[in-house]
1. With n ≥ 4 as the cut-off for DSSP H runs, can you work out [θ] at 222 nm for the chain, using -39500 (n - 2.57) per run divided by the number of residues, rounded to the nearest 500?
2. Please give the net charge around Leu226, taking every other residue with its beta carbon less than 14 angstrom from that of Leu226, where Lys and Arg add +1 and Asp and Glu add -1.
3. Rounded if a/c is under 1.5, else prolate if a/b is larger than b/c, else oblate: which is the chain, with a ≥ b ≥ c the root eigenvalues of its Cα gyration tensor?
4. Considering only protein heavy atoms and a probe of 1.4 Å, how much of the accessible area of the chain is carbon and sulfur, as a whole percent?
5. Run through the DSSP bridge list for the chain and note the antiparallel percent, rounded to the nearest 5.
6. Between Gln244 and Arg71, what is the spin-label point distance in nm, taking each point 7 Å from the Cα along the Cα→C-beta axis?
7. Given a 1.4 Å probe, how much area per residue of the chain is accessible, in Å²?
8. Local charge sum around Tyr142 (other residues, Cβ-Cβ under 14 Å, Lys/Arg +1, Asp/Glu -1)?
Amino acid sequence: MVCLFVCVILSYFYVIIHVVYKVGNVLLPGDVFSFQMPESITDSKPEKVVCGPGLRRNGDEVLVCKSGILRHKQPNLYWIDSQQRRYVPGKGESVIGIITAKSGDIFKVDVGGSEQASLSYLAFEGATKRNRPNVQVGDLVYSQFIIANKDMEPELVCIDSCGRANGMGVFGAGGLLFKVSLGLVRRLLAPQSEIAKDLEKMFPFEIVVGMNGRVWVKSKTIQQTLIVANLLESCENMTAQQRQTLFRRVADGSI
């Protein structure tokens, strides 16, 4: 009788853990992610599911590793939308770093993570042993992770697979660097970002967005640069209608 009772309890917990989550639900770290396929494609060949930020594969299961709201993008991309501010390096992600030290042939770069990343002086376009890049402590550098895991020191490069800079390298003269949440960064980097479109209607500016939550902006004047930075920070918890109303008031000079 006791064994039967224990078996019933275990089966109950199994059902609770393997619940089918719907898009828009709030998930917590440790939940087992699963989804319900539409009836129209249940008989067809199953497609691969792409797991974005907040979801991590563990054997045959997919676990939730960040708390947030489950999001979905057609056809088969799922991720957790969270307001996380601490950055965890990921391979292939482009970030804004700050040069903190020179150690032989390696630059130490602060990327906002738990440890600093390394950047070789040869990881710049056209760099050789005789032609070293002009990089100083305190410079901003836009770079990409080629190594980022829990067992090794993060490593950055400022060139793509073809050896070209492709927009990466030292930058930041005369601009303003500030930090926002990782959720807002993903909204800014999304194709056809509505926030970027609304800002471009006001006045021209330059912007560099890193996946580590750092944003650099520069406009014609210091005043316009500060306006852009304040508007971006205000977009954190605004709806599209509230954002457009705020931008319209700023453009009209009401604020």
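1. It lands at -6500 deg cm²/dmol.
2. Neighbourhood net charge equals +1.
3. Oblate, since a/c reaches 1.5 and b/c is not below a/b.
4. For the chain, the apolar C and S fraction of the accessible surface comes to 55 percent.
5. 90 percent
6. So the label points at Gln244 and Arg71 sit 2.0 nm apart.
7. Value returned for the chain: 62 Å² of accessible area per residue.
8. Summing Lys/Arg as +1 and Asp/Glu as -1 gives -3.
The values are calculated or read from the model by the stated rules, or taken from the named source; none is laboratory data. Remember, predicted model here, so these are calculated numbers, not experimental data. With ideal geometry, Cβ positions are generated from the backbone for all residues, glycine too; neighbour counts draw on all protein chains shown. To get the accessible areas, we keep the full protein, side chains included, count just its heavy atoms, and leave off ligands, DNA and RNA. Shrake-Rupley method; radii C 1.70, N 1.55, O 1.52, S 1.80 Å.
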